[in-house]
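Note sheet for the following structure.
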Amino acid sequence: MLETVYYQGIKALIDRIVETQRLNIELGAQTIAASLIQGGVLHVFGSGHSAMVGKEITQRAGGLVPVNLIPDPSEGLAERVEGYGKVLLDAYARKYGLNPGEVIIVVSTSGRNPVPIEIAMEAKARGLFTIGIVSLEYARQSCSRHRSGKRLFEVVDLVLDNCVPPGDAIVEMKELGQKSGASSTIAGALLVNMLMLRVIEEICRRGGTPPILKSQNLEGADEHNQKLLAAYRGRLNL
């Protein structure tokens with residue numbers, strides 16, 4: 001059954017991420033925790049389906065408050081358009097701010113399209129620490145579509161490898177001569193949740209109190225959440 005093959009493939013992918021990405025998760029968590037303790041905001045960008053990985057940790061019950069998703073009104077349609085990434089980031093910065101020392105996570109499994117590459121480059125130029133979530137195997141087999149010739153993993157400060165195979169899909173459809181069963185959303189969600197939990201742990205270790213949202217369906221959650229959100233008024237895309 002194909003669903004069993006998919007399940008087994010996802011299990012293997014999860015194991016590979018856990019085995020290979022702990023060190024980089026630790027490095028990213030240390031940097032994010034230091035920024036958040038200083039009042040910073042964590043910014044996240046993904047184009048198309050990659051935006052779901054950013055959404056996973058934005059205004060999420062059990063998640064950290066100061067995490068902001070950079071919106072892409074084109075929903076991925078303009079991902080290959082050079083210059084669009086700079087326009088997006090400039091507009092976002094005017095509205096919510098991008099401060100030196102803050103951290104941005106840019107999600108792009110292939111790591112080859114201009115918009116995520118530009119977002120990372122422009123953010124780094126503004127003094128932000130850049131983290132890319134990318135499939136290194138996929139990206140290394142791909143040519144950049146950006147005029148610089150650079151791929152995402154070549155322009156960020158730190159890479160979290162989602163270990164997804166080229167093409168994203170993991171189930172061979174022999175009768176069709178192609179694969180199905182996308183894996184990058186599950187892999188990305190695993191990575192960012194592991195990262196955020198390590199950030200929370202590190203903030204506590206440094207003597208801070210991590211601002212964690214409660215589910216709005218719990219009693220007293222509205223008051224709890226509003227108090228936390230007030231500290232970041234004007235900086236979050238609510």
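The values are calculated or read from the model by the stated rules, or taken from the named source; none is laboratory data. Not measured: the values here are computed from a predicted model. Using ideal geometry, Cβ is built from the backbone for each residue, glycine included, and neighbour counts are taken over all protein chains shown.
Scanning the range 55-70 for any residue that is part of a helix (DSSP H, G or I) and at pLDDT 95 or above turns up at least one such residue.
Looking only at residues of the range 125-168 that are of a type in the set (Lys, Arg) and farther than 22 Å from Gly101 by Cα, we find that the one that is surrounded by the most Cβ atoms within 10 Å (Cβ to Cβ) is Arg151. Pairs are defined by a Cβ separation below 7 Å, a sequence spacing of at least 6 or placement on different chains, a first member in the range 153-169 that is at negative phi, and a second member that is assigned to a loop (DSSP other than H, G, I, E, B) and surrounded by fewer than 17 Cβ atoms within 10 Å (Cβ to Cβ); the pairs so defined are Pro166/Gln141. Annotation note: Cβ proximity below 6 Å between a residue of the range 116-134 that is at positive phi and a residue that is at pLDDT 95 or above (sequence gap 6+ or interchain) occurs for Gly127/Pro100. Filtered by the rule that a residue be surrounded by 21 or more Cβ atoms within 10 Å (Cβ to Cβ) and of a type in the set (S, T, N, Q), the range 59-84 gives a lone residue, Asn68.
From the list Gly83, Gly132, Gly39, the lone residue that is of a type in the set (Gly, Ala, Ser) and under 14 Å from the mean Cα position of the chain (by Cα) is Gly132. Has the range 205-222 got at least one residue that is in a helix (DSSP H, G or I) and closer than 25 Å to Gln21 by Cβ? Checked against the condition, which is being in a helix (DSSP H, G or I) and closer than 25 Å to Gln21 by Cβ, the range 205-222 yields at least one hit. The condition (being out of contact with any Asp or Glu (no Cβ under 8 Å at 6 or more places or on another chain) and free of Cβ contacts under 8 Å to residues at least 60 places away in the same chain) is satisfied by just one residue among Val87, Val107, Val103: Val87.
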